[in-house]
1. Angle, helix 143-152 long axis vs. longest principal axis of the chain, Cα atoms, 0 to 90°, nearest 10?
2. According to the square roots a ≥ b ≥ c of the eigenvalues of the Cα gyration tensor, what is the shape class of region 177-328, taking rounded for a/c under 1.5, prolate for a/b larger than b/c otherwise, and oblate for the remainder?
3. With θ taken as phi - 60° and the coefficients 6.51, -1.76 and 1.60, list the Karplus ³J(HN,Hα) couplings across region 349-356 in order, rounded to whole Hz; mark glycine and proline as x.
4. Calculate how steeply helix 164-180 sits against the longest principal axis of the alpha-carbon atoms of the chain, using the helix alpha-carbon long axis, and give the answer as 0 to 90 degrees to the nearest 10.
5. Please list 3J(HN,Hα) in residue order for region 403-415, calculated via the Karplus relation 6.51 cos²θ - 1.76 cosθ + 1.60 where θ = phi - 60°; whole Hz, with x for glycine and proline.
6. Starting from the amide H of F244, placed 1.01 Å from N in the peptide plane, find each other amide H under 5 Å away whose residue is 5 or more places distant or on another chain.
7. Taking Cα pairs under 8 Å and at least six residues apart, what relative contact order does region 174-305 come out at, in percent?
8. Evaluated at 37 °C with a viscosity of 0.692 mPa s, what Stokes-Einstein diffusion coefficient in µm²/s does the chain have when Rh comes from the Kirkwood expression over alpha-carbon pairs?
Amino acid sequence: MNRVIPASLALGTLLVAALPAQAAHQPAHSADARTSYGTKAVYAPQQNARTYQRPPAGYRPVFTENVSRHGSRAASDSEDADLVLALWDQADASGQLTRKGEGFGPTVRALAAAMAKVGYGNLSGRGEQEMRDTATRMADRLPSLFSKIAADGETIDVVSSGQGRAIASADRYAGALAAAEPDLTDLIGATRTDKDLLYFHKAAGGAAYRDYIDNDERLAATLKSVTGQPRTAKAAAGVLRGLFTPAFVAGIEDPVAAAEAVYNLYAIAPAMSEESPGGRGWGMERYISRADAAWFGYLGDAEDFYEKGPGFADSDITYKMADVLLDDLFRQVEAKRDGTSTLGAELRFTHAEELIPLAALMGLPGSTDAVTEAGPYTYATNTWRGSSVAPLGANIQWDVFQKGDRYLVRMLYNERETAFKATCRPVAKGSKFYDLDELERCFGRG
C-alpha cells in the first residue's frame, strides 16, 4: 500500500500516476455498509443453528473438522495511524482542521494506543470472543459427538500457521470447547504448527504464487488500472476535505494514499471494539462517508480478488496451492472411514491468504466466477465480496456422519449450511448432506 505525507513533512514523497478513466471497472455502490470493510469485516454466523437440516435417519456424528481464519485483530503495524496523525498534527498547528476533523486526531491517537497495547497484528478482545463463541456453537451443534469423543478417549488435534494471532485463536477455541465439555480437557492436544498446510503462501508450495504477485505484468497493470480510475481521486478528496481545509489538502503529495490510510483505520476499528471507551466502538464512520468507504472497500476487494481469489479465468495460480489444504480435509475424513484415525476433531487456524484461495478452489458461493481482461472484476458483474468470503473469523467446517459403512459430509461456510460445487450430487434433492464417495468422485479423488 502507498503511504503519504505533506511536502512540508520530511517523511518522503509519494506520487500516484494519473491514469485514464476505466468506467467499466466502477462498482455499483452497495447499500450494505458491511461490504465496505472488505476482509476486515468482523465475524457473524450466517445461519441460525436451529434451522440446520437433520441428518438422514440412522446417521450419527463421528467426526468434525474446520479451517478457520483467525479472529478480529489489531492492524498489522502503526503506519496508517502514524501517517494520518502526522497530517493531523500539522493541520492542527496551522489551524487547518475542519470542525469534524478536530475530533479525528484524538480518536486515532486513542485507537493507535489501544492497538499498541494489544500488540500490532495480535488478536483483539473481540477476536478472542469470536473464537470462543464459534467453538461453543460447534459444541452445541454436535453434543453427541463430543460426548462420544470423551467416552471413547479419542483426541482433538489443533494446528495453526504458527503466527501469533492464529495460535491465540486456536488456544481460545480449544479452551472454549473444553469449557463446554470438561471431559475433553485432557483429550485436546497442544496447538502445533504446520506452515506448509496453513501458511502455504509463504512456504515452499507458494513459490510460484509469490513470483506471480511480485512479477506478473498483467496483474500489476490490472490493479493499476483499477486504482487509477477518476473515482479514486474523487473519493480521496472527499475523505480529506472532511478533515482538513482545501488549502491543506492541496499540499498533500499523495492524497490517495492519505485517504487510504484513513480508510484502513475505519476498516480495522470494529475489530478493536472491545478496547474502545466503554466498549461502545470508535465512531470512525463519522470521518468517512459511506460512499467513499464503499469505493475504497471496492479497491481492496479488487486487490484481494486478483491476488488471492478467483482471479483471471485462464489461470489458477492464485488458488492452486490451496490443494494441500483441501487434500487434508479429505484425508482426515477418509482416515476416519478407513479406521486409521483416532481423532474426533481436527481444528485448523490460518489466514485470509489461505481461506480465500481454498474458497476459490472449492467453488464456494461468491468464489465461482473468474474474470477476463475484457470483463474485469466489478461489484456490478461479480458476486465476490471480501466481507462474505473471508471476514475476520471466517470458517469452513465439515461435519461427518456415519451409518454402517456409509459416511455423509455436511459443510458449513461461516456457519451456513452450504452446498458443495454443482458437479457434486447430494443424497437427495435439496439436501446439504453428501456421500463421501460422491465427494471423492466430484473432486477427482478416485
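The values are calculated or read from the model by the stated rules, or taken from the named source; none is laboratory data. This structure is a prediction, so every number in the text was calculated from the model and none was measured. Note that each Cβ is placed from the backbone with ideal geometry, even for glycine, and that neighbours are counted across all protein chains shown. Areas reflect the complete protein model, heavy atoms only, side chains present, ligands, DNA and RNA absent. Shrake-Rupley method; radii C 1.70, N 1.55, O 1.52, S 1.80 Å.
1. For 143-152 against the chain, the angle is about 60 degrees.
2. On the way: a/c = 3.19, a/b = 1.31, b/c = 2.43.
It is oblate, given that a/c is not under 1.5 and a/b is not larger than b/c.
3. 10, 8, 9, 4, 5, 9, 5, 5
4. Roughly 40 degrees, rounded to the nearest 10.
5. Running phi through 6.51 cos²θ - 1.76 cosθ + 1.60 with θ = phi - 60° gives 9, x, 9, 10, 10, 10, 10, 10, 10, 10, 10, 6, 6 Hz.
6. So F244 has HN proximity to T98.
7. Values: 77 pairs, mean separation 26.3, N = 132.
Here the relative contact order equals 20 percent.
8. Diffusion coefficient, whole number: 142 µm²/s.
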